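The values are calculated or read from the model by the stated rules, or taken from the named source; none is laboratory data. As the structure is a prediction and not an experimental result, all values here were calculated from the model. Here the Cβ positions follow ideal geometry from the backbone for every residue, glycine too, while neighbour counts run over all protein chains shown.
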Amino acid sequence: MNEPRNLLLLGGSGFIGTHLAFTLANRGWQVSVPCRRPHRHRELLVHPNIRLLEANITDPAELKSLCQDQQAVINLVGILNERRKGDFRRCHVDFIKAVVEACSACGIRRLLHVSALGADQASGSSLYLRSKGEGENLLHTFGQRGLKVTSFQPSVVFGKNDEFINRFAGILSWYIGFFPLACADSKLAPVYVGDLVAKIADSIDDRGSYGRRFTVCGPEVFTLRQILELIITTLRLPVRIMPLGKGMSRLQAVVLQNLPGKLFTMDNYRSLQTDNICPDGGSCETSLRQYLEGLAAMSGNKRDYDRFRKDYVQDKIPEAPS
Ligand SMILES: NC(=O)c1ccc[n+]([C@@H]2O[C@H](COP(=O)([O-])OP(=O)(O)OC[C@H]3O[C@@H](n4cnc5c(N)ncnc54)[C@H](OP(=O)(O)O)[C@@H]3O)[C@@H](O)[C@H]2O)c1
C-alpha cells in the first residue's frame, strides 16, 4: 500500500482553499490547514484526511515547524483590500519569501501557488495586481534549485460560498429600481472553483507543470454588467443596471472605500481597468450561465427545472445554493 502523503495548505480556510482541501483529501492526501480562527472552519473537520490547526503562519518559526514532514505546500493566502498600508506587500510578497525559505529549510520539493490573472510586477493596473506579480516572480526566481514551483492565474472564481456572485446577489436582492454599476464594461472570464481546484490537484505530480505559470479562465467572456444581468434574471429581481462613466465609477470607489466593509475601493477600480480574460481563451469547461440556471432550476419551480433539463446535458450537478 502507498504511504499517505502530507500536504500543507496555506490559505486553506478561504473560499478556494476549502474546496481544494476536500479535493486533495478525497485523492488521499493528508491535508493540514493552519489558520487564525479554526472554530470558523469546522466544516473541514468532517473529512478524516483534513487536519485543522490554529497557527500564526506569518511567524517564520511557526511556518517552518508546520512545514516539517510535508511533501508539498500550496499557498492561497491573499487579500483583495488592504486594512493597513503595506498589507498587500506583507501578504503577497514578504509571505512568499517566508514560504520559500521554510520549504527550503525543511527539504520540501514541491510548491504550488495561486496568483491572479493580470498579475504583473511592472505594469499591473493596481497595487493588488503588482504585488501579486512581484510575489509570483519571486517564487519562480527563488524556487528553482531543488524546489519545483507552479503558479496559477485565475480570472474571477465562482462556486458555492464565493465572494463574487454571492455578494452581488446579496446586494441586488435588497435593491429595487436602478443599480449604479462602476466599471460595467470590464470583461471577465469566470472560472468554476471545481475546475480550478482539479487543475491544481492534477498539477502536483505533473512534472510538465514544474516552473510554469498557468492562466485559468472559464469558457465564456462577460462584461461585469452582463454578469449582474444574469444574476438579476436568475433571481427574477426588480432591478435594472445603470452603468456609471469613469468619473462616477471613481467617485463611487472613493465613497465606498471609506465605508465599513469596503465594498469597492480605488484599487479594485484600478484592477478592473484591465480586462480579466485569457489571451488564448478559456481552459475550463463549466459555464457560469449554466451554473446559475442550474441553481435557479433546483430551487425554483418544476417548469424551470424541466426547461433546464431539456436545454442542457449536465455532466456536472450544481451544488445546492449556499
Ligand atoms: N476568489 C477569486 O475570485 C480569486 C480570483 C483570482 C485570484 N484569487 C486568489 O486566490 C487566493 C485564494 O482566494 P480566495 O477567494 O479563496 O480568498 P479568501 O476566501 O479571502 O481566502 C484567503 C485565505 O488567506 C488567508 N489569509 C489572508 N490574509 C492572511 C493573513 N494576514 N494571515 C494569515 N492568513 C491570511 C485567509 O485566512 P483566514 O481564514 O484566517 O482569514 C484565507 O484562508 C488568493 O490569493 C486570491 O488572491 C482569487
* Unique residue being surrounded by 13 or more Cβ atoms within 10 Å (Cβ to Cβ), out of contact with any Lys or Arg (no Cβ under 9 Å at 6 or more places or on another chain) and among the aromatic types (F, W, Y) when the list is F152, F158, F179 -> F158
* Return yes when T223 is within 15 Å of the ligand (Cβ to nearest atom) and in contact with a Ser or Thr (Cβ under 8 Å, 6 or more places away or on another chain) and no when it is not. => no
* Meets criteria (buried (at least 20 other Cβ atoms within 10 Å of the Cβ) and not assigned by TED's automatic domain parsing to the domain that holds L10) for A102 -> no
* Structure fact -> Picking from G11, G78, G28, G17, the residue that is within 25 Å of K160 (Cβ to Cβ), touching a residue at least 24 places away in the same chain (Cβ under 8 Å) and loosely packed, with under 15 Cβ neighbours inside 10 Å would be G28
* Single condition R145 does not satisfy, out of (1) within 30 Å of D206 (Cα to Cα); (2) within 15 Å of the ligand (Cβ to nearest atom) -> (2)
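Take region 162-181 and flag every residue that is within 16 Å of the ligand (Cβ to nearest atom) and under 17 Å from T234 (Cβ atoms). First the steps, then the outcome.
Restricting attention to region 162-181, the residues satisfying the condition of being within 16 Å of the ligand (Cβ to nearest atom) are 162-170.
Correct list: D162, F164, I165, N166, R167, F168, A169, G170.
Each row is one residue, and each column tells you yes or no for (1) within 18 Å of the chain's Cα centre (by Cα); (2) under 30 Å from D87 (Cβ atoms); (3) buried (at least 18 other Cβ atoms within 10 Å of the Cβ); (4) outside the structural domain of G86 (by TED's automatic domain parsing).
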| site | (1), (2), (3), (4) |
| --- | --- |
| T234 | no, no, yes, yes |
| R240 | no, no, no, yes |
| G247 | no, yes, no, yes |
| R250 | no, yes, no, yes |
| V254 | no, yes, no, yes |
| G261 | no, yes, no, yes |
| T265 | no, yes, yes, yes |
| Q273 | no, yes, no, yes |
| D280 | no, no, no, yes |
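Filter the helices (runs of 4 or more DSSP H) completely within region 195-295 down to those with at least 2 residues that are free of Cβ contacts under 8 Å to residues at least 60 places away in the same chain.
Helices (runs of 4 or more DSSP H) meeting the threshold: 224-235, 246-257.
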* Within region 3-110, which helices (runs of 4 or more DSSP H) (wholly inside it) include 1 or more residues that are in contact with a Cys (Cβ under 7 Å, 6 or more places away or on another chain) and within 16 Å of the ligand (Cβ to nearest atom)? -> 60-67, 95-105
* Look at I165 and say whether it is surrounded by fewer than 18 Cβ atoms within 10 Å (Cβ to Cβ) and either in contact (Cβ under 8 Å) with a residue 60 or more places away in the chain or under 22 Å from T286 (Cβ atoms) (or both). => no
* To do: Give just the number: which of (1) crowded, with 24+ Cβ neighbours inside 10 Å; (2) more than 10 Å from the ligand (Cβ to nearest atom) does K132 not satisfy?
  => (2)
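Just for region 146-199: of the residues that are among the β-branched types (V, I, T) and over 18 Å from the mean Cα position of the chain (by Cα), which one is modelled with the highest pLDDT?
First pass over region 146-199, keeping only residues among the β-branched types (V, I, T): 149-150, 156-157, 165, 171, 176, 191, 193, 197.
Now restrict to residues that are over 18 Å from the mean Cα position of the chain (by Cα): 149, 171, 176.
Working: V149: 97, I171: 93, I176: 93.
Looking at the filtered set, the residue picked out is V149.
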* Asked: List the pairs whose first member sits in region 37-66 and is outside the structural domain of A21 (by TED's automatic domain parsing), whose second member is crowded, with 16+ Cβ neighbours inside 10 Å, and whose Cβ atoms are under 8 Å apart, counting only residues at least 6 apart or on separate chains?
  -> none
